[in-house]
1. Can you name the residue in the stretch A:139-154 that is within 13 Å of chain B (Cβ to nearest Cβ) and part of a loop (DSSP other than H, G, I, E, B) and is also surrounded by the fewest Cβ atoms within 10 Å (Cβ to Cβ) among such residues?
2. Please verify whether residue B:230 is under 17 Å from the mean Cα position of the chain (by Cα), farther than 18 Å from residue B:39 by Cβ, assigned to a helix (DSSP H, G or I) and in contact (Cβ under 8 Å) with a residue 40 or more places away in the chain, treating the condition exactly as stated.
3. Quick test for you: out of A:15, A:9, pick the one residue that is farther than 24 Å from residue A:182 by Cβ, touching a residue at least 24 places away in the same chain (Cβ under 8 Å) and loosely packed, with under 15 Cβ neighbours inside 10 Å.
4. What are the residues in the stretch B:160-194 that are surrounded by fewer than 19 Cβ atoms within 10 Å (Cβ to Cβ), touching a residue at least 40 places away in the same chain (Cβ under 8 Å) and closer than 28 Å to residue B:140 by Cβ, if any?
5. Quick check on my filter: what residues within the stretch B:250-277 are touching a residue at least 40 places away in the same chain (Cβ under 8 Å) and under 21 Å from residue B:30 (Cβ atoms)?
6. Can you tell me which condition residue B:220 does not meet? The list is (1) in contact with a helix residue (DSSP H, G or I) (Cβ under 8 Å, 6 or more places away or on another chain); (2) within 14 Å of another protein chain (Cβ to nearest Cβ); (3) farther than 22 Å from residue B:83 by Cα; (4) assigned to a helix (DSSP H, G or I), and all the others hold.
7. Whether any residue in the stretch B:121-132 is under 23 Å from residue B:31 (Cα atoms) and within 14 Å of chain A (Cβ to nearest Cβ) is what I want to check.
8. It is to be established whether one or more residues within the stretch A:118-132 are in contact with a strand residue (DSSP E or B) (Cβ under 6 Å, 6 or more places away or on another chain), more than 10 Å from chain B (Cβ to nearest Cβ) and either within 30 Å of residue A:225 (Cβ to Cβ) or without any contact (Cβ under 8 Å) to a residue 60 or more places away in the chain (or both).
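Just so it is clear, none of the values below were taken in a lab; they were calculated from the coordinates. Only a predicted model underlies this, so the values are computations on that prediction, with no experimental measurement involved. With ideal geometry, Cβ positions are generated from the backbone for all residues, glycine too; neighbour counts draw on all protein chains shown.
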């Protein structure tokens, strides 16, 4: 099966700090991969490299058969929820419409096929009733559901999620992450899901890419979240505790510490 | 009122200035669309800065006996491209504009004080002279407006996407830098046209106010630009028709109509909020 995304021998050094080295990753259609790591471990930088917004120090990234360029209309993108979003004064339906055809030349079509696709995407995200509201009037959870609709409206083959759950409460985290999982599964969309806490998506992920200490570890959650694996990754004694299907990583140090520590 | 307005020869006057009216209408459409982008990009101050450099260009052209339209375009495009290339963040853009603006104004005043020709030509660059636009002067304005309108129609949704939702737009393959420079180029050309009609000091009335007013009453990407165009045309054409009866400069009428529309929209938004609360 052809990979949606192939990362080949990728190394990224930013300000003389090595974020990751010789990273190899083949992402298959429909695969859900969580990218875990502390702040500054290079999670978001990896998404930026895939979007061509930063250059790798070494290595190549292919989207389909082609090397990645500056963004791509076949990639969907869900940004972090922020209190003051750039897109504050825009109607929800217009924001979703941007996701469908904003990258194309011409003026907006508010009717016909566009309107149908926008409605479908909003229906998937259970957000039809929000269509004529101001994006800024919505709650954090509602905003992220609309962001999911915006990201899937053009049927992308790859969905990049940049900490889409941060700033959401636990219940909203669950609703939004399950929505992303369901949509990805229904359309066989591959998902790269950046998060500092794996627990909200633990049941959904096929594989985990754990970034720490200038290195990484890839595998199923059971393969990666093991005391010996993470200890060798961090180069220090780390303990992984599983409790009620929640994972807590203890002793990863203050600099690279895992969100699970204090949740 | 009768001292100021005299509409007895109105029909004859309208015929006399039909070219100017057409220019005003076109400028209204252009202003409605460009102001929509200006508001979304939070670039109102940049408009002011570019207009002062456009004024400087036009003044230098007047002094050196070259085409004033050319001078206005050269000045505003230079300013627009400098601001667009150097400063794509609003904060940086504002401070850079604040630096460029007085310099442009100073150069313009210097050129005008050295100019020995008609005083009306001098004053016109600051406050506008739409009524004096003859057919020969109108032709380049028509062509330039047409070119900008075509560019706008082709690049409309990309420009808006990049302005409103830059992170997602970049991910979807929209080059933000290209859009930023394109926007400044469009703005530069629109300012160059406007300067010759409403003057450097009053450009904001056509390139900011229409969309600012529309934004008070709607957030829709369909109704916003549409209302903004209606407001722009109403201000430009309406202001001009009013000035015909008054035999006074056109700019104060355009600015007054434009301002009145803004106040009405502001009142509507305040009342709406009260009703909802």
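1. Applying the filter and picking the extreme gives A:154.
2. Here the answer is no, as residue B:230 does not meet what is asked.
3. None of the other options fit; the residue is A:9.
4. B:181, B:185
5. Matches in the stretch B:250-277: B:250, B:251, B:254, B:255, B:258, B:259, B:261, B:262, B:265.
6. Every listed condition holds for residue B:220 apart from (4).
7. no
8. no
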